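Colleague: Please find one structure pasted underneath; my questions will follow.
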Amino acid sequence: MPRFRGLTFLALVIALLGAPAAWSASSTMVVSQVFAGGGNASAPYSNDFVELFNRGSTPADLGGWSIQYASGSGTTWQVTPLAGSVRPGGHYLVQLASGAVGAALPMPDATGASNLAVSGGKVALSRAVTPLACGGSCSADPLVTDLVGYGSASDYEGAGAAPAIGNTTSALRAGDGCTDTDANSSDFSAAAPTPRNSAASATPCSASPPPPSGGPSQSAPVDIDVDSVLSIALERPSISFGHAATGETPEPVSERVTVTSNQLTGYALTVHRSAFLHADLPLGLSAFAPPGGQLGGQLADGAMAAIPIAPAADLLIGTTTAPSSPAGDAWATNVGFVSPLPFVAPGRYTATVTFTVIGR
């Protein structure tokens, strides 16, 4: 705490006079949370508690230290001895008086019987287990490492006490425990209690200085047009079956269809055709799905299905439920005939096959 630079010399003098060595321990320990509603109506926890926090960069030894409590205007202090050490950024949970309402606290690191008043009180972190005797200027006591007066308390750090708390709120130190300006009224706020013990995750305080504030500023608008990617590419620009005779079934011709899509919910691939000129022929299609694709029902197990003539509904080749691979999804289709060629007049017969991809 800021006052401790002036206390270093005092602690050394006292040690030379025979005071406990623990007085020279780290001053970076602070009270990070006070909850006084334990066991009261609507309380989330059955015990009062005080939570400590190590703001420093080295472990803090609490041997010979204590948490002490007095009423808002009292001078009689109740002592709860402490033991062990607290890692940098670590917490230390002191469980106090209990009641019939609320859940149990996390495993405490120390226990005591002090019954904190919801209306107001004083909590001191002391380097000794001897009860304090102060009532109006405890922050000046060289044994007091931290003092929190809350609610109606008549003694506190700074110009005012920490906010009033209740059965469902605690006094919580700002900055996740790192803020300490020696002003209870601004360092603490009333918040839902969140007791943390030495097993909780450490939250070390940053040694970096805060960024500068104020000064001139200027804004620049930022925009971007994000386009949908949905494209289709064919293996062949045209399909030719060459020469065939009536009654024959020409061999299918491959027409791999590659779909590229960034649609998060996938796409559907369909096909239709026009009628052959000058007489229609039974054109069909079979297909195999790429990884992640699902074939349409008429094409299951490699079946050859008739390609509908527009404006009839398209034949569903398949669907996906996710974007395509970066290189695109290759649907291995084969265009052929579902039955032998019927009897028609000799000549060239032409039609158009159209593949369509639709985002889902």
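Colleague: In the range 213-265, how many are aliphatic (A, V, I, L, M) and in contact (Cβ under 8 Å) with a residue 60 or more places away in the chain? Full working, then the answer.
Modeller: Filtering the range 213-265 down to residues aliphatic (A, V, I, L, M) leaves 220, 222, 224, 226, 229-230, 232-234, 239, 244-245, 253, 257, 259, 264.
Narrowing the set further to residues that are in contact (Cβ under 8 Å) with a residue 60 or more places away in the chain leaves 230, 232-234, 239, 244-245, 253, 257, 259.
Going through the range 213-265 one residue at a time, the tally reaches 10.
Colleague: Here's a follow-up. Can you work out which of the residues in the range 76-96 that are under 20 Å from Ser139 (Cβ atoms) and not in a strand (DSSP E or B) is most open to solvent (accessible area, probe 1.4 Å)?
Modeller: Thr76
Colleague: Hey, Ser114 hits all of (1) closer than 22 Å to Ser137 by Cα; (2) open to solvent by 10 Å² or more (accessible area, probe 1.4 Å) but one; which does it fall short on?
Modeller: (2)
Colleague: Something else about it: Is it the case that the range 124-143 has a residue that's touching a Ser or Thr at 6+ places or on another chain (Cβ under 6 Å), open to solvent by less than 30 Å² (accessible area, probe 1.4 Å) and within 24 Å of Ala103 (Cα to Cα)?
Modeller: Scanning the range 124-143, I find no residue that is touching a Ser or Thr at 6+ places or on another chain (Cβ under 6 Å), open to solvent by less than 30 Å² (accessible area, probe 1.4 Å) and within 24 Å of Ala103 (Cα to Cα), so the answer is no.
Colleague: If we keep just the residues of the range 335-350 that are touching a strand residue (DSSP E or B) at 6+ places or on another chain (Cβ under 8 Å) and open to solvent by 40 Å² or more (accessible area, probe 1.4 Å), which is farthest from Gln294 (Cα to Cα)?
Modeller: Tyr349
Colleague: Select from the range 325-334 the residues that are within 21 Å of Leu315 (Cα to Cα) and of a type in the set (A, V, I, L, M) and write down the one among them that is surrounded by the most Cβ atoms within 10 Å (Cβ to Cβ).
Modeller: The qualifying residue surrounded by the most Cβ atoms within 10 Å (Cβ to Cβ) is Ala330.
Colleague: Only residues that are hydroxyl-bearing (Ser, Thr, Tyr) and over 35 Å from the mean Cα position of the chain (by Cα): list them for the range 315-360, please.
Modeller: If we filter the range 315-360 for residues that are hydroxyl-bearing (Ser, Thr, Tyr), which is where we start, we get 319-321, 324-325, 333, 339, 349-350, 352, 354, 356.
If the condition is that a residue be hydroxyl-bearing (Ser, Thr, Tyr) and over 35 Å from the mean Cα position of the chain (by Cα), then Thr333, Ser339, Tyr349, Thr350, Thr352, Thr354, Thr356 are the ones that fit.
Colleague: Suppose the filter is at pLDDT below 95 and outside any loop (DSSP other than H, G, I, E, B); does Ser139 pass it? I'd like the intermediate steps shown before the answer.
Modeller: Working: at pLDDT below 95: yes; outside any loop (DSSP other than H, G, I, E, B): yes.
Against the criterion (at pLDDT below 95 and outside any loop (DSSP other than H, G, I, E, B)), Ser139 qualifies.
Colleague: To continue, here is another question. Mind checking which residues of the range 44-75 are under 27 Å from the mean Cα position of the chain (by Cα), under 17 Å from Pro108 (Cβ atoms) and assigned to a loop (DSSP other than H, G, I, E, B)?
Modeller: Once the filter is applied, which keeps residues that are under 27 Å from the mean Cα position of the chain (by Cα), under 17 Å from Pro108 (Cβ atoms) and assigned to a loop (DSSP other than H, G, I, E, B), the range 44-75 yields only Pro44.
Colleague: Can you say whether Thr168 is assigned to a loop (DSSP other than H, G, I, E, B), under 32 Å from the mean Cα position of the chain (by Cα) and within 20 Å of Phe49 (Cβ to Cβ), as far as the supplied structure shows?
Modeller: Working: assigned to a loop (DSSP other than H, G, I, E, B): yes; under 32 Å from the mean Cα position of the chain (by Cα): yes; within 20 Å of Phe49 (Cβ to Cβ): yes.
Yes, satisfied.
Colleague: Suppose we filter Gly214, Gly158, Gly177, Gly151 for residues that are at pLDDT below 90 and open to solvent by less than 80 Å² (accessible area, probe 1.4 Å); which single one remains?
Modeller: On the way: Gly158 fails: at pLDDT below 90; Gly177 fails: at pLDDT below 90; Gly151 fails: at pLDDT below 90.
When all the criteria are applied, what remains is Gly214.
Colleague: Against the definition (buried (at least 23 other Cβ atoms within 10 Å of the Cβ), in contact with a Ser or Thr (Cβ under 7 Å, 6 or more places away or on another chain), under 22 Å from Ser42 (Cα atoms) and not β-branched (Val, Ile, Thr)), how does Gly99 come out, yes or no? Spell out how you get there, then give the answer.
Modeller: Working: buried (at least 23 other Cβ atoms within 10 Å of the Cβ): no; in contact with a Ser or Thr (Cβ under 7 Å, 6 or more places away or on another chain): yes; under 22 Å from Ser42 (Cα atoms): yes; not β-branched (Val, Ile, Thr): yes.
No; evaluated as a whole, the condition is false for this residue.
Conditions tested, residue by residue: (1) over 22 Å from Ser261 (Cα atoms); (2) basic (Lys, Arg); (3) modelled with pLDDT under 95.
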{"residue": "Asp301", "(1), (2), (3)": "yes, no, yes"}
{"residue": "Ala305", "(1), (2), (3)": "yes, no, no"}
{"residue": "Ala310", "(1), (2), (3)": "yes, no, yes"}
{"residue": "Ala322", "(1), (2), (3)": "no, no, no"}
{"residue": "Asp329", "(1), (2), (3)": "no, no, no"}
{"residue": "Pro342", "(1), (2), (3)": "yes, no, no"}
{"residue": "Tyr349", "(1), (2), (3)": "yes, no, no"}
{"residue": "Thr354", "(1), (2), (3)": "no, no, no"}
{"residue": "Gly359", "(1), (2), (3)": "no, no, yes"}
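Colleague: Of all residues in the range 236-265, which are open to solvent by 60 Å² or more (accessible area, probe 1.4 Å) and within 46 Å of the chain's Cα centre (by Cα)?
Modeller: Scanning the range 236-265 gives Arg256, Asn262, Leu264, Thr265.
The values are calculated or read from the model by the stated rules, or taken from the named source; none is laboratory data. This is a predicted model, so every value here is computed, not measured. Virtual Cβ from ideal backbone geometry, glycine too; neighbours counted across all protein chains shown. Quick note on the areas: whole protein, heavy atoms, side chains included, nothing else; ligands and nucleic acids left out. Shrake-Rupley method; radii C 1.70, N 1.55, O 1.52, S 1.80 Å.
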